[in-house]
Every structure is written in C-alpha cells, then in structure tokens.
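Step one of this worksheet: look at the structure below.
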Amino acid sequence: IALAGPEKTEREEVYLSRGIDIMIVLDQSPSMAAEDFPPVNRFDTARAMVRRFIDGRSGDSLGLVTFGSDAVLRCPPTADYDWLSERLDELEIRELGDDTAIGMGLAVASLHLADSSAKEKVILLLTDGDDNAGEIRPDTAAKLAAAEGIRIYTIGIGSEGEVPIEITDPLSGEITRGTIVTDFDEAALRSLAESTGGEYWRANSPGALETVLRSVDALESVDRRVSVRVSSRPLHQQFIVIGAI
C-alpha cells in the first residue's frame, strides 16, 4: 500500500479581493433578558441568530462591539470566525451596566471600520431599547458613520406589551424576576439606518429575527475573485510504520 503512493488532496478557496467588513453591535443591557423569545431570552436568541449569520458568511471580516452603559470592542474585524464566536459566547447580560448607550456602540464600531480598505463597510445594530447613556448620541454617531461610507442596519428586538424578565447579576449571582414593557422608538431606529443608506427591521420573534438576518445577508454581498488552491499530502509514512510493526 505504501508503494502505491497514497495521498490526500485538499482544495482551499483563496480570496484574491477584499470582501465586506461588518461590525455587529449587540445590546447587552438588562432588558435583553426579557423572556419573549421562548425557550430563551432576547439576548440568547440574538446570539444564536448572530452565530448563524457568521456561519453564512465567507471571505468577509466580521467584528463585534457590545454596549450597556458603555461600549466595548469585543473583537476587531477578523476572518477567524471561530475566535469571534468564542468572544460571543463569553458575553453576559448586565456586565456593562444597566443603561443603553447606542450612540457609543455605533461610534466604537465606526472607529474600527474607518481605516478599512473594504469595498463595503457595514454596521449591524441589534437592540431592544432607546439610547439613554454615553457621551455620543446615535444621530451624531450615524453622521460619523455616513462620512466614512459606512451603512447601518438597525434591528429592533422584542414583542409589544408586558413580558416576563429574569436578570442574573454577573457579580453577585443574585436573580431578579419581574415584568417589563418594551416600547422603543422605532422611528428613531429607522431614521438612524436610512440616514446612512441602510434599513430598519422589527424582530418580535425568533423566526422574524432569523428572517431579518437572512435579509441582511442577501443584501450585503460583493463579487470577489477567488482562486482554488489544490494541495496534496502523502500518506505512505503511516503504512510503512504499520508494515514494519
């Protein structure tokens, strides 16, 4: 068998041109613990849908920013989707405070896309609240993004009316239960997106959120030059060892 020269052939796609740079901006405020996306809450559902979105991309650079009372870069734009998914798994509700700094989240994302050489630059914002914290207002952040040629897609998460909520304090582990009414400003989120050439969607169920992310996936694509690299790896060594034994 070793003399027959067995080998394993692998095909790898190599992108010769730059794809799209996408920054995912995810709300990490306490209201994302609302349980109107059974069997889990808004935050866990959003994370699951974002993972599917990541798995559906190829050749693009994806990054992650989260926000509560402040905004934090979790992952700069990268093609290492496994590492990005690990950063997504580490997130906990309320670890950035109890407020909703949408403007700060958009500003941090715009800052890390400003120097990108990609043909298209996109911010994907997922939130269930209104901006109420931070030094930068959402409309100011949108102007900064538009000036850099960045499109913003906004997704409002949550159903209308009163819904149950369960929040775990990341420091003490204390659990708080109650109800919450979601009533964010859809007009503001729509205006935010349209001012940069993007779009707004309302996602009030897991199915709706998945459909929205598929829509974004379909909208944001560019033609790229791809080369297929074929490599062969000899396998005769292991058969020689087996034969010798």
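The values are calculated or read from the model by the stated rules, or taken from the named source; none is laboratory data. Keep in mind it's a predicted model, so treat the numbers as computed, not measured. Cβ: placed from backbone, ideal geometry, glycine included. Neighbour counts: every protein chain shown. Heavy atoms of the whole protein, side chains included, go into the accessibility calculation; ligands, DNA and RNA do not. Shrake-Rupley method; radii C 1.70, N 1.55, O 1.52, S 1.80 Å.
Points worth noting:
- Calculated mean residue ellipticity, 222 nm, the chain: -9500 deg cm²/dmol, from DSSP H runs (n ≥ 4) at -39500 (n - 2.57) each, averaged per residue and rounded to 500.
- Bridgeable lysines around Lys143 (alpha carbons under 28 Å apart, same-chain partners fewer than 8 residues away excluded): Lys119, Lys121.
- Derived scalar couplings ³J(HN,Hα) [region 5-12; Karplus, 6.51 cos²θ - 1.76 cosθ + 1.60; whole Hz; x for Gly, Pro]: x, x, 8, 10, 9, 10, 10, 10
- Helix 42-56 and the longest principal axis of the C-alpha atoms of the chain enclose an angle of approximately 30°.
- When each of the peptides 207-218, 146-157, 172-183, 95-106 is scored by the mean number of other C-beta atoms lying within 10 Å of its residues, the order from highest to lowest reads 95-106, 146-157, 207-218, 172-183.
- Three-way shape label, region 112-245, alpha-carbon gyration tensor, a/c 1.5: oblate
- Near Thr66, the amide H atoms lying under 5 Å from its own belong to Leu26, Val72, Arg74; only residues 5 or more places off or on other chains count, and H is placed 1.01 Å from N.
- Protein accessible area in region 25-89, 1.4 Å probe - carbon and sulfur %: 48
- Over the chain, accessible surface divided per residue gives 50 Å², non-protein components excluded, 1.4 Å probe.
- Percent accessible area from carbon and sulfur atoms, region 138-245, protein chains only, probe 1.4 Å: 50
- Net charge of the neighbourhood of Ala101, taken over other residues with C-beta under 9 Å away and scored Lys/Arg +1, Asp/Glu -1, is -4.
- Estimated vicinal HN-Hα couplings, Hz - region 141-152 in sequence order (Karplus 6.51, -1.76, 1.60; Gly, Pro = x): 5, 5, 5, 5, 5, 4, 5, 9, x, 9, 8, 10
- Rounded tilt (10° steps) of 206-219 against the dominant C-alpha axis of the chain: 60
- Between region 73-122 and region 155-205, the C-alpha centres lie 18 angstrom from each other.
- Subtracting the Cα-Cα distance of Glu186 and Glu10 from their residue separation scaled by 0.36 nm leaves 58.5 nm.
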